[in-house]
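Here's the structure, in structure tokens; my notes come after.
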Amino acid sequence: MAGNESRVVMNGTQVSYIGQDCEEIPAFIGEQYGGFAKRLDLSFNLLRSLEGLKAFSCLEELIVDNNLLGNDLLLPRLPHLHTLTLNKNQITDIESLLDHVAEVAPSLEYLSLLGNEACPNELVSLDKDEDDYQRYRYFVLHKLTNLKFLDTRKVSKREHEEAKARGAFMKVVKPKTDTESRDLRSVSPGMPYTPLPSGSRNSKCHKGVFAKCQYVYYGKHSEGNRFIRDEQL
């Protein structure tokens, strides 16, 4: 225990315990520093849980980059927390995370999620582009309306306005994985795909199905688009 305690770096109200391969926050950190620490850096560990944060009642900044935190991440209520960085973890469900953070950290102004699958940044996800990332920003700002800084950029007034107007519709939907697709196919093996409801597929108990279809005509195959030569008149 004494050896681990000697690896804690403290500077005033700033506490760091970096690169120690711990899977949970050691109890002695909360016991010794939780009552006064305002900044806590637990980067480059193997954290899967932040349960030990309950002791940090005064915490204003939390840095937990390069850990193993996932969608089951739970934070205690941290009313004074204004900075949270979760870069390079294993978070994939952005909506669940934002709803939780909005509830437990109402004063949050600075958030960074780079390096997580939930953050579609083109620098770390080659299949994403700037449009994907901008939609993500609008959605985050829709959920966390007090943010002033997101990832590597300051939040602009225009982004806040756009998020307020359309942020709710900017959620980036994750496509089904190959495993999920196989599971869907295994439900009805051999049956070809059909958009019809399941009740209309049984030939012995057939039911009529009615629906609306919106068709937009662009005139691509219109006779008026053909060039007619003089000799064809």
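The values are calculated or read from the model by the stated rules, or taken from the named source; none is laboratory data. Since the structure is predicted, the reported quantities are computational estimates derived from the model, not experimental observations. A quick note on method: Cβ atoms are made from the backbone with ideal geometry, for glycine too, and the neighbour counts reach across all protein chains shown. Note: accessible area is taken over every heavy atom of the protein model, side chains too, but ligands, DNA and RNA are not part of it. Shrake-Rupley method; radii C 1.70, N 1.55, O 1.52, S 1.80 Å.
Annotations
- For N116, residues with placed amide H under 5 Å, excluding near neighbours: K88, N89
- In the stretch 24-76, the convex hull through the Cα atoms has an average projected area of 3.2 nm², a quarter of its surface area.
- Accessible-area ranking of H100, H80, H142, largest first, probe 1.4 Å: H80, H142, H100
- Only protein atoms count toward the accessible area here, which uses a 1.4 Å probe; on the stretch 60-138, the carbon and sulfur part of that area reaches 47 percent.
- Within the shell defined by Cβ-Cβ distances under 12 Å, the residues around G12 carry a net charge of +2, with Lys and Arg each +1 and Asp and Glu each -1.
- Neighbour net charge for R135 - beta-carbon separation under 12 angstrom, K R +1, D E -1: -2
- Integer Hz, Karplus 6.51/-1.76/1.60 couplings in order for the stretch 84-92, x for Gly and Pro: 9, 10, 10, 4, 6, 10, 10, 8, 10
- For the stretch 1-41, the solvent-accessible area of protein heavy atoms averages 58 Å² per residue (probe radius 1.4 Å; ligands and nucleic acids excluded).
- Amide H to amide H, with H built 1.01 Å from N, L81 comes under 5 Å of S107, counting only residues 5 or more places away or on other chains.
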